[in-house]
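Student: Pasting a structure below so you can have a look.
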Amino acid sequence: MRVSKEKAADNRERILTTASRLIRERGISGVGVDALTEAAGMTHGGLYSQFGSKQRLVEEAVAEAIASKGRELCETTTVDDYVSEYLSPAHRDDPGSGCPFAALCSEMQRQSQGARERFTAGVKGMIGWLSARIGSGTRQRRRDEDAIVTLVSLVGALVLARAVSDPKLSDEILRATRKKLAG
């Protein structure tokens, strides 16, 4: 059966949105084609006709995860506001809609060049976003370095807060990092 261009575009968007969420929740290696097609309400054929391979889907889902988080940022969002939201228990407890850097960074070294390039572009974009909001009176190189340290601190804190089994320690990791970044 022939699918209209509009329906094909809707299917593609649904698959990307679903894959973006699932790879952040379960990890890239934890999501098979069966789980992706079932969650998106598609068939294997529908998925492969849109993307050709799981690898290609992963590349595009990584890009979509990064883009969707980027769309949530406002021009008026300050670094302090971002840090507070990022290092919150709500963000820690909802990886499916959370930061793709924290969710996927440990897997990226084993992914395709295309997935790694999309991830890298997202990291560079986030560094740029942070750098543009950090200390306008300081030199650009210093702002870029501060942005890198901020991003690394955010992602590292969230990864550790999600990884530990002690809820009090998890909360303390978030609190201590928030405090240091605010200072």
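What follows draws every value from the coordinates through simple rules; no lab data is involved. As the structure is a prediction and not an experimental result, all values here were calculated from the model. Glycine also receives a Cβ, built like all others from the backbone with ideal geometry; neighbour counts cover every protein chain displayed.
Student: Would you mind checking the tilt of helix 5-26 against the longest principal axis of the Cα atoms of the chain, expressed as 0 to 90 degrees and rounded to 10?
Tutor: 50
Student: Now, a different point. Give me Cys105, Cys99 ranked fewest to most by other Cβ atoms within 10 Å of their Cβ, as a rough exposure proxy.
Tutor: On the way: Cys105 15, Cys99 22.
Taking fewest neighbouring Cβ atoms as first place, the list is Cys105, Cys99.
Student: How long, wide and thick is region 91-183, going by the Cα atoms along their three principal axes, in whole angstroms, largest first?
Tutor: Principal-axis extents of region 91-183 (Cα, largest first): 41, 38, 19 Å.
Student: Take Ile66, Ile134 and order them by how many other Cβ atoms sit within 10 Å, fewest up front. Can you show the working numbers first?
Tutor: Details: Ile66 22, Ile134 17.
Arranged by neighbour count, lowest to highest, Ile66, Ile134 become Ile134, Ile66.
Student: Putting +1 on Lys and Arg Cβ atoms and -1 on Asp and Glu Cβ atoms, find which of Ala102, Ala161, Gly41 reaches farthest to the positive end of the dipole of the chain.
Tutor: The Cα lying farthest towards the positive end belongs to Ala102.
Student: Over the chain, what is the mean sequence separation of C-alpha contacts under 8 Å (at least six apart), divided by residue count, expressed as relative contact order in percent?
Tutor: Values: 167 pairs, mean separation 42.0, N = 183.
Relative contact order comes out at 23 percent.
Student: So what are the ³J(HN,Hα) numbers for region 65-79, from phi and the Karplus equation (6.51, -1.76, 1.60; θ = phi - 60°), rounded to whole Hz, Gly and Pro as x?
Tutor: Taking θ as phi minus 60°, the curve returns 4, 5, 5, 5, 5, x, 5, 6, 7, 9, 4, 8, 5, 8, 4 Hz for region 65-79.
Student: Have a look at Glu107, Glu13, Glu75 and tell me which one the Gaussian network model of the chain (Cα, springs below 10 Å) gives the largest fluctuation.
Tutor: Its mean-square fluctuation being the largest, the pick is Glu75.
Student: Most mobile of Thr37, Thr17, Thr77 per a Gaussian network model of the chain (Cα springs, under 10 Å)?
Tutor: Comparing Thr37, Thr17, Thr77 in a Gaussian network model of the chain, the most mobile one is Thr77.
Student: Tell me, in nm to one decimal, what length is gained between Arg14 and Ala121 on full extension, where the rule is 0.36 nm per residue of separation less the Cα-Cα distance? Please list the in-between numbers first.
Tutor: Details: separation 107, 0.36 × 107 = 38.52 nm, distance 2.31 nm.
Separation in residues times 0.36 nm, less the Cα-Cα distance, equals 36.2 nm.
Student: When the helix-only estimate is applied to the chain (DSSP H runs of n ≥ 4, each -39,500 (n - 2.57), divided by the residue count), what is the mean residue ellipticity at 222 nm, nearest 500 deg cm²/dmol? Please list the in-between numbers first.
Tutor: Values: 10 runs with 138 residues, N = 183.
Mean residue ellipticity at 222 nm (helix-derived): -24000 deg cm²/dmol.
Student: Using a 10 Å cut-off around each Cβ, can you sort Val62, Val83, Val149 from fewest to most neighbouring Cβ atoms? All intermediate terms of the calculation are to be shown ahead of the outcome.
Tutor: On the way: Val62 29, Val83 21, Val149 13.
The fewest-first ordering by Cβ neighbours comes to Val149, Val83, Val62.
Student: On to the next question. Which three lengths, in whole Å and largest first, does the chain cover when its Cα atoms are put on their principal axes?
Tutor: Taking the Cα atoms of the chain, the three principal extents are 60, 39, 29 Å.
Student: To the nearest 20 Debye, how big is the dipole of the chain about its Cα centre, given +1 on the beta carbon of each Lys and Arg and -1 on that of each Asp and Glu? Don't jump to the answer; show the numbers that get you there.
Tutor: Values: 28 positive and 24 negative charges, 85 e Å.
Using Cβ point charges on Lys, Arg, Asp and Glu, the chain gives about 400 debye.
Student: What do you get for Rg/Rh over region 115-165 if you use C-alpha atoms and the Kirkwood form of Rh? Provide the component values of the computation, followed by the final result.
Tutor: Values: Rg = 12.8 Å, Rh = 11.9 Å.
Rg/Rh for region 115-165 comes to 1.08.
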